[in-house]
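The values are calculated or read from the model by the stated rules, or taken from the named source; none is laboratory data. These numbers come from a predicted model, not from an experiment. Using ideal geometry, Cβ is built from the backbone for each residue, glycine included, and neighbour counts are taken over all protein chains shown.
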């Protein structure tokens with residue numbers, strides 16, 4: 001019987017027309033093949049129809065048919081389940097108005113622009129991979145579909161649409177985009193960190209490790225060891241050239257954050273109009289000259305440590321933003337209202353008397369207390385003169401390599417002059433003097449030349465042609481008293497007792513004169 005049917009119709013035409021019910025097969029067979037029993041033909045046709053229905057029902061993709069007007073002729077169970085409509089509710093009705101009426105953004109989608117309807121015009125198969133169908137409950141889901149035209153005797157009579165729900169693929173695609181975006185973000189941050197670290201490597205530091213054996217430096221290192229393993233904010237106080245950055249690095253390198261960056265910001269070296277961008281970053285176009293996005297130093301230091309050198313010079317307007325980062329760990333980039341969270345350990349340093357700055361209104365008191373959780377005093381070189389010989393030998397070795405000299409010894413006379421000098425520029429000044437001395441030395445013994453005065457050059461009374469101011473005399477007198485008492489201010493053996501002053505009065509004078517507590 002199948003052979004007889006195939007002789008009469010092509011297989012596709014037969015399947016389509018049987019489903020649509022547009023051909024009375026029994027009449028045709030009765031006229032052409034009168035010798036065949038009508039019941040036998042009817043049974044065969046019924047089997048084929050059942051087989052086609054089973055195929056449609058078993059298909060995992062959604063399938064529905066349309067007539068030439070776009071009205072639904074059949075819907076398989078998979079399609080009905082995905083769109084939430086019963087087949088009976090769709091048959092004979094416009095598929096486009098029900099399932100395809102608007103785009104993903106909700107905008108109207110006329111059937112004149114519909115790729116499914118286009119098959120009625122051009123007779124071509126249309127494959128669409130980025131559309132949405134709408135459910136009965138008003139929700140939508142992303143689909144991919146194929147619209148295939150149905151022909152009858154050279155005339156387009158409808159179309160069959162096969163579609164599938166690609167929600168999971170879209171979600172996976174979006175997750176992949178997010179992952180790529182995150183990777184790109186981390187890549188950019190890593191590149192920024194590498195650039196910063198390369199810049200750091202190029203810098204010339206006063207010394208690469210803490211040199212000293214005096215009790216003064218040992219006490220400082222003990223405090224470094226105590227605070228390093230915490231996340232507490234550290235405020236390093238001390239004169240210029242005492243190695244405050246070195247102490248900051250010691251805190252970081254002995255902490256659990258040592259594998260993350262230590263990012264340095266010199267608050268006094270940056271213009272006031274750029275320091276906010278340096279600290280917190282900016283978006284492209286945030287201000288004139290912002291031609292690209294910039295990651296701020298706080299973002300670069302996330303998970304690590306930021307060292308705010310010369311914090312006393314931070315503009316008052318930015319102190320409130322810094323306080324917020326310290327309190328809440330969050331900030332916004334310039335030009336971006338989105339709040340960013342960071343985990344950064346803050347170490348600040350200054351050679352200024354912040355308490356005096358507070359009195360003058362130049363520094364926020366609440367910021368001072370937030371920074372001053374764990375104060376560290378970076379001692380002046382005159383406070384640890386027993387370390388000078390060690391430093392001299394260290395710099396002779398280091399700088400000898402730099403200038404191509406081999407300094408093997410330092411005479412007692414030269415070392416005595418170096419120890420006697422009070423070094424107002426501290427270790428930085430000592431390094432400079434040794435570099436000059438190495439350059440002019442013509443033998444393997446260090447020669448100072450005329451670089452260092454023969455007497456204590458910070459005491460102007462030693463020069464009959466110069467007269468020190470009262471403030472300088474007072475400062476030197478207090479420093480001498482502190483030197484005699486080992487830095488003790490109060491008590492029976494303190495400097496206040498020697499000077500005949502109340503300890504609070506002496507502390508006040510020390511703040512005014514810029515003398516740090518020991």
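Can you work out which of the residues in the stretch 90-133 that are part of a helix (DSSP H, G or I), touching a strand residue (DSSP E or B) at 6+ places or on another chain (Cβ under 9 Å) and farther than 17 Å from residue 163 by Cα is modelled with the highest pLDDT?
Checking each candidate, the answer is 122.
Quick grid of which residues meet (1) assigned to a helix (DSSP H, G or I); (2) modelled with pLDDT of 85 or more:
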residue: 156; (1), (2): no, no
residue: 163; (1), (2): no, yes
residue: 169; (1), (2): yes, yes
residue: 172; (1), (2): yes, yes
residue: 183; (1), (2): yes, no
residue: 188; (1), (2): yes, no
residue: 196; (1), (2): yes, no
residue: 199; (1), (2): yes, no
residue: 209; (1), (2): no, no
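Consider residue 437 against the criteria (1) without any contact (Cβ under 8 Å) to a residue 24 or more places away in the chain; (2) buried (at least 18 other Cβ atoms within 10 Å of the Cβ); (3) within 30 Å of residue 318 (Cβ to Cβ): it satisfies all of them except one. Which criterion is unmet?
Evaluating residue 437 over (1) without any contact (Cβ under 8 Å) to a residue 24 or more places away in the chain; (2) buried (at least 18 other Cβ atoms within 10 Å of the Cβ); (3) within 30 Å of residue 318 (Cβ to Cβ) leaves (3) as the failure.
Select the helices (runs of 4 or more DSSP H) contained entirely in the stretch 272-349, then report the ones holding at least 3 residues which are under 19 Å from residue 362 (Cβ atoms) and modelled with pLDDT under 85.
Fully inside the stretch 272-349 and qualifying: 272-280.
Given the residues 363, 374, 395, which is the only one that is closer than 24 Å to residue 218 by Cβ, modelled with pLDDT of 90 or more and out of contact with any strand residue (DSSP E or B) (no Cβ under 6 Å at 6 or more places or on another chain)? Walk me through how you get there before you give the answer.
Details: 363 fails: closer than 24 Å to residue 218 by Cβ; 374 fails: out of contact with any strand residue (DSSP E or B) (no Cβ under 6 Å at 6 or more places or on another chain).
395 is the lone residue from the list that is closer than 24 Å to residue 218 by Cβ, modelled with pLDDT of 90 or more and out of contact with any strand residue (DSSP E or B) (no Cβ under 6 Å at 6 or more places or on another chain).
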